[in-house]
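Trainee: Structure incoming, see below.
None of the figures in this text is laboratory data; all of them are computed from the coordinates on show. Since this is a predicted model, take the numbers as computed values, not measurements. Note that each Cβ is placed from the backbone with ideal geometry, even for glycine, and that neighbours are counted across all protein chains shown.
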Amino acid sequence: MKYYYLFILTCFTLIAFSQKSGTITYNFKILEDEKFIKNELIGEFFLQAIEGAKHLKFELTFNDSISEFKLLKNMSLDGQNLEMAIIDSRTRKEIYIFKNKIYHNNANGLFKENEFLIIEPLNQNWKLTNESKIIDGYTCYKATNEYIVDNGKIFKHPVIAWFCPQIPISIGPRGYGGLPGLILELQEWNSVFGVEKMEFSNNVKEIILPKEGKIISEQEYQNKVGAAAKREFSNN
């Protein structure tokens, strides 16, 4: 029944919602975790990231065929706190969604800038629920997913998205999408992106897909990062 309701609601709002482009601004926060805070090795860095996250803003821009998610530059902010928060957000480089694929260039200092163009299928393994809540005046529904890291050992981190069928745009923060509505809030493990402002327009915004760099998959890139990090560690 919940899927039928969402289907009907999405069909209705597709007719009502006619804007061709828009810009969504998200704030960012890192949830406190006692086991990290009390850890002797990473506790200080984790607290720095929590503090720095309060100053980060992100922007999701879209038109009728492509979207771009990026960190908004704030030249008045600098320092270790901000750097640790940016690392935690995993959004140092722009992230694009085009034809159900994610595109982004490498952002790791181990390689030349834009040496690689990472292309991955959009993760659409969502589980819809009938749980709902109001965000910024809109009724949103909860969907769950997983963010999987494979660096020799597989780690599965929970992902929670609150999407809004009233805004039938199948995108969201940090390269997530494929839901029957805009993601207004996204929690990826202990990182949370929350909508702050939405602007829609009938004027099409131009978004240019990156083309520079050798095309590889996310797993291939992570393998290269792991190998390069081991080499650098062994040389020190």
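Trainee: Counting only C-alpha contacts under 8 Å and six or more residues apart, can you give the relative contact order of the range 2-235 as a whole percent?
Mentor: Once divided by the residue count of the range 2-235, the mean separation gives 24 percent.
Trainee: Where the Cα atoms of the chain are projected onto their three principal axes, how long is each span, largest first, in whole Å?
Mentor: Over the chain, Cα extents along the principal axes are 61, 41, 39 Å.
Trainee: Which of the trypsin sites (Lys or Arg not before Pro) found in the range 103-210 are loop residues per DSSP with 11 or fewer other Cβ atoms within 10 Å of their Cβ?
Mentor: 112, 153
Trainee: Say we join alpha carbon atoms closer than 10 Å with springs in a Gaussian network model of the chain; which of 51, 220, 83 then has the biggest fluctuation?
Mentor: Ranking 51, 220, 83 by mean-square fluctuation puts 220 first.
Trainee: Further question: Please give me the summed charge of the neighbours of residue 214: other residues whose Cβ is under 14 Å from its Cβ, Lys and Arg +1, Asp and Glu -1.
Mentor: Cβ neighbours under 14 Å give a net charge of -2.
Trainee: Counting Lys and Arg as +1 and Asp and Glu as -1, each charge on the Cβ, what is the dipole of the chain about the Cα centre in debye, to the nearest 20?
Mentor: With Lys and Arg at +1 and Asp and Glu at -1, about 480 debye.
Trainee: Can you compute the helix-only [θ] at 222 nm over the chain? Use -39500 (n - 2.57) per DSSP H run of at least 4 residues, normalise by all residues, nearest 500 deg cm²/dmol. Working shown, then result.
Mentor: On the way: 5 runs with 58 residues, N = 236.
Per the formula, -7500 deg cm²/dmol.
Trainee: I've got another one for you. A 26 angstrom limit on the alpha carbon distance is what I want to check against. Which of 142/211; 93/127; 54/93; 29/112 exceed it?
Mentor: Values: 142/211 34 Å; 93/127 28 Å; 54/93 19 Å; 29/112 30 Å.
Too far apart for the 26 Å limit: 142/211; 93/127; 29/112.
Trainee: Mind checking which of 129, 45, 23 is farthest towards the positive end of the range 2-235's charge dipole, using Cβ charges of +1 (Lys, Arg) and -1 (Asp, Glu) about the Cα centre?
Mentor: With unit charges placed on the Cβ atoms, the residue in question is 129.
Trainee: Sticking with this one: Hey, can you grab everything whose amide H is under 5 Å from the amide H of residue 167? Only 5+ residues off in sequence or another chain; H modelled, so Pro and N-termini drop out.
Mentor: Amide H to amide H, under 5 Å and 5 or more residues apart or across chains, residue 167 pairs with 182.
Trainee: For the range 117-196, what does the relative contact order come out to in percent, with C-alpha contacts under 8 Å and a separation of six or more?
Mentor: Across the range 117-196, relative contact order equals 24 percent.
Trainee: Once the piece of chain linking residue 202 and residue 108 is laid out straight, how much longer is it, given 0.36 nm per residue of separation minus the C-alpha distance between them?
Mentor: Result: 30.2 nm gained on full extension.
Trainee: Between residue 129 and residue 229, what is the label-to-label distance in nm when each label sits 7 Å out along the Cα-to-Cβ direction?
Mentor: Here the answer is 3.1 nm between the modelled labels.
Trainee: Further, regarding this structure: For helix 80-89, report the angle its Cα long axis makes with the longest principal axis of the Cα atoms of the chain; keep it between 0 and 90° and round to the nearest 10°.
Mentor: The angle comes out at about 50 degrees.
Trainee: So, by mean Cβ neighbours within 10 angstrom, what's the order for 64-72, 157-165, 38-46 with the highest one leading?
Mentor: Values: 64-72: 17.4, 157-165: 21.4, 38-46: 12.9.
Most protected by this proxy first, the peptides run 157-165, 64-72, 38-46.
Trainee: For the chain, with a Gaussian network of springs between Cα atoms less than 10 Å apart, report the residue from 193, 58, 116 with the top mean-square fluctuation.
Mentor: Result: 116 has the largest fluctuation of those listed.
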